[in-house]
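The next block holds one structure in the form of structure tokens; read it before the comments.
The values are calculated or read from the model by the stated rules, or taken from the named source; none is laboratory data. Bear in mind that the values here come from a model prediction, so they are computed numbers and not experimental data. Note that each Cβ is placed from the backbone with ideal geometry, even for glycine, and that neighbours are counted across all protein chains shown. Ligands, DNA and RNA are excluded from the accessible area calculation, which covers all protein heavy atoms including side chains. Shrake-Rupley method; radii C 1.70, N 1.55, O 1.52, S 1.80 Å.
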Amino acid sequence: MTGRRIVAVAVDAAGAAGNRPYSYEVPDGLADLAVGEAVLVEFGRRQALGIVLGPGAEVEGVETKPIVGRVRTDGPLLPPLGMRLADWIATRYLAPPALTLRAMLPPGMLERLELVAERRPESGGTAGTPEDEAILEALAAGPRPVRGLEAAEGRPALLRRLRALEADGLVDLDWTLLAAGAGPRWVRFVRSSGGPPAESKPARLGPRQLALLEDLAAGPSDGLPAPELAARHGSSTVATLARRGLVEIDVREAPRRPLEARPVGRRGGRPEGADLSPEQAEAVAVVERAAVAGGSATILLDGVTGGGKTAIYTELLARTLARGRPGLVLVPEIALALPLVDRLRADLDARVAVVHSGLGDGERADEWRRIRRGDVDVVVGTRLAILAPLADVGLIVVDEEHDAAYKSDRTPRLQARDVAVALGAMAGAPVVLGSATPSVETEGHARDGSILRQRLPTRLSGAAPEVEVVDLRAELAAGVLGMLSRSLATALGDLAEGDQAILVINRRGSASVVLCRDCGHVAKCPDCTRPLVYHQAGQTLRCHHCGRAWPMPTRCPQCGSARIRYLGGGTERLEREVRERFPGLKVGRLDRDVVERKGAAERVVDAFSDGRLDVLVGTSLVTKGLDIPAVTLVGVVSADVALNLPDERAAERTYQLLAQAVGRAGRGERPGRAIIQTYQPEHPAIVAVAEGRSAAFYDAELDLRRRFGSPPFGRLVKLTVALPDRADAEQAGKEMVERLRGRVAATGANVQISGPAPAFVAKRGDRWRFNVVIRGEDPIGTLGDPPGAPWSIDVDPESLL
């Protein structure tokens, strides 16, 4: 039939198949329906929410149902650029379009669908029954959710009456998608009326009333928040002045701003006003040429730690804003990006929005609305920020591009760095990847010319620190049983006044293994089967995979012995040991346990930056982004934590952690020193850091990747099956491997299929997990249609464990 308009719709409902959209016909009354709008569609025997993706196609032999109606919103949920990005993400990472779009919206937004009744103001008709008249009276004050209307006859009868009133032209019924799970915050504001009291014989004003009026006179002309005035002068004072006509009260939206309580200004770090070095100026010029040309070049800023990447970011953002385009900055951890945020707000007077998982739902929703309206100059955030609803972007910066935190572990399992490159191509914006230790993939792309490389070989201040490697085997033979080697303990004791130290151990808690000395029983998580970690704070045993916690047992659950032993150690134990051995040093800790407490990470970073802490103990978090000239000592307490994991990225991750940690030392006038403690001093990753042989390390890693067809020479897809029975999970894995190898044999595809192999965390949430890996030129083509439950898919996985 000619003239029919078919659209593709992402259906957000249980039972929607895989990653494909559904085709629906657009009825005549919705001719202006646009991409990105929310609609109501028939899905099976029920109605479901959908989002229009674009043109669709009829499926032969299948009835194409019409769209039931438009869901009322403020227009398309996302701008065109956001819709294009959502399509790219869903295609690249084999993610359901509806789940991808859900990730790009404020928390809870797609759950807030309501049927709203509104009386037509132009209708002159009257209701036929008292019940109908009651409905119209209830709607006289404005639109009301149907669930909020009184239903004395029952809900079905109420709906029938509303439909009849709609047919008579008296009422409009619309499905409405509310703004977000957390709507705007509304606050009463008080301002001076400017007029005389309303009484004919006004009474004298009391001291509190006079003080409140003085506050209003000294404050902004549009008034002050009522809660603030009530706290100062009493709520009855506000009410009395309003009754007397001396003040006016109105209700306004009071957006939640995560940075509102943070004063504008620089903290710690570098002094203001330093000129760019020649290398920095050249890097800015390279990016500017791409930006002015309207291209989407990707540039790697490959610089030593302390090479001045932040100053380059700031200059590039200033030029981007001058051209009238916003900027986007991605960081691994938001707490460690606060110096950059401070600099942008202080130097550029930029309107900065922050996006990260630590925000409350209300804060995230308000920042999303602010970005969607275009009221923001720069968005700074973790990997979540790549999904911000920007209508345009003129520059994208991915700081510490090598960091594993950019890879999502939830659907859509995106790699934010790669999504940033795709977004830059769509928007015609340059993408700057910054790192002193590029990922092996990025290094490979730079070598083959796929991306540009701009080197920053010189530290702007200070010199490269002296690196000492301590063999822990020798320390053990000498009877050293604590976490600090003799060399590191001496260096801490010799810290000069005003100097600071950073101690790194990439493991949380106080003891990594808790066992019985009599029977050897090891405390394990019953769901994940991984050893539990002892946390002295709270006296709990915690699973670092699923997050569950148990009280510390006083006796072995297997043999009843009270001889419980704690082996290994983490950040909590290290912090305690430093405090006990060096009581004169002020010690702080930064790890995931601290970050989970809202505002705690910012307080620790600010205290260390301002010199109120002498020693900062932490996981890899303390190796990211800290530029503090007073740090003269860095100690890596255990370089072996991840070195021997059965994963091809283990050496790369260790090298990056060590090099980033070492680079925190000696950025000021005083020389720096780094001490690396390890049981494997001869390992290539440790030798590369200690001797500054990065090129040789990357040569060896790229040769290994080339041999196995891993990125950047191929792509990976990891399939994970999870079932309650271990044998069933393994059998499902074997059947998947057989199907995939059959396709390879039939097509001659240049891919390898491996597995099934137990996942590193073999059991999680009462389910046994097995992995199947597809590796080669086109693993997605070999996979074909993605399998549904109980399988999960990770394209370009960060780890094969």
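What the table shows:
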quantity	calculated
Selection count where residues are more than 13 Å from Glu288 (Cβ to Cβ), of a type outside the set (A, V, I, L, M, F, W, C) and assigned to a loop (DSSP other than H, G, I, E, B), scope the stretch 301-324	5
Single condition Gly358 does not satisfy, out of (1) within 14 Å of the chain's Cα centre (by Cα); (2) part of a helix (DSSP H, G or I)	(2)
Unmet criterion (only one of (1) open to solvent by less than 10 Å² (accessible area, probe 1.4 Å); (2) free of Cβ contacts under 8 Å to residues at least 24 places away in the same chain) for Gly599	(1)
Any chance Asp593 is touching a strand residue (DSSP E or B) at 6+ places or on another chain (Cβ under 9 Å) and either on the phi > 0 side of the Ramachandran plot or not basic (Lys, Arg) (or both)	yes
Checking Gly666 against (1) open to solvent by 10 Å² or more (accessible area, probe 1.4 Å); (2) over 19 Å from Ala685 (Cα atoms); (3) not hydrophobic (A, V, I, L, M, F, W, C), the condition it does not meet	(1)
Tally of residues being within 29 Å of the chain's Cα centre (by Cα), among the aliphatic types (A, V, I, L, M) and not in a loop (DSSP other than H, G, I, E, B) across the stretch 656-684	5
Odd one out for Arg413, checked against (1) farther than 30 Å from Arg707 by Cα; (2) open to solvent by 40 Å² or more (accessible area, probe 1.4 Å); (3) among the basic types (Lys, Arg)	(1)
Selection status of Glu248, farther than 30 Å from Gly625 by Cβ, part of a helix (DSSP H, G or I) and either modelled with pLDDT of 80 or more or not β-branched (Val, Ile, Thr) (or both)	no
Residue in the stretch 698-706 that is closer than 25 Å to Arg20 by Cα, touching a helix residue (DSSP H, G or I) at 6+ places or on another chain (Cβ under 6 Å) and in contact (Cβ under 8 Å) with a residue 12 or more places away in the chain present	no
Residue identified as out of contact with any Phe, Trp or Tyr (no Cβ under 6 Å at 6 or more places or on another chain) and within 20 Å of Gly462 (Cβ to Cβ) among Glu315, Glu279, Glu333	Glu279
Test set (1) of a type in the set (A, V, I, L, M); (2) within 24 Å of the chain's Cα centre (by Cα); (3) crowded, with 19+ Cβ neighbours inside 10 Å - Val636 fails condition number	(2)
Residues (modelled with pLDDT under 80 and either closer than 19 Å to Leu99 by Cβ or not hydroxyl-bearing (Ser, Thr, Tyr) (or both)) located in the stretch 1-43	Met1, Gly3, Ala13, Ala14, Gly15, Ala16, Ala17, Gly18, Asn19
Extreme residue, surrounded by the fewest Cβ atoms within 10 Å (Cβ to Cβ), among residues of the stretch 78-113 that are touching a strand residue (DSSP E or B) at 6+ places or on another chain (Cβ under 9 Å) and part of a loop (DSSP other than H, G, I, E, B)	Arg112
Filtered residues of the stretch 707-730 (kept if part of a helix (DSSP H, G or I) and either among the acidic types (Asp, Glu) or open to solvent by 80 Å² or more (accessible area, probe 1.4 Å) (or both))	Arg707, Phe708, Arg726, Asp728, Glu730
Unique match (being in contact with a Pro (Cβ under 7 Å, 6 or more places away or on another chain), assigned to a loop (DSSP other than H, G, I, E, B) and of a type in the set (Gly, Ala, Ser)) among Ala429, Ala391, Ala464, Ala405	Ala391
Val641 being open to solvent by 20 Å² or more (accessible area, probe 1.4 Å) and either of a type in the set (D, E, K, R) or out of contact with any helix residue (DSSP H, G or I) (no Cβ under 7 Å at 6 or more places or on another chain) (or both)	yes
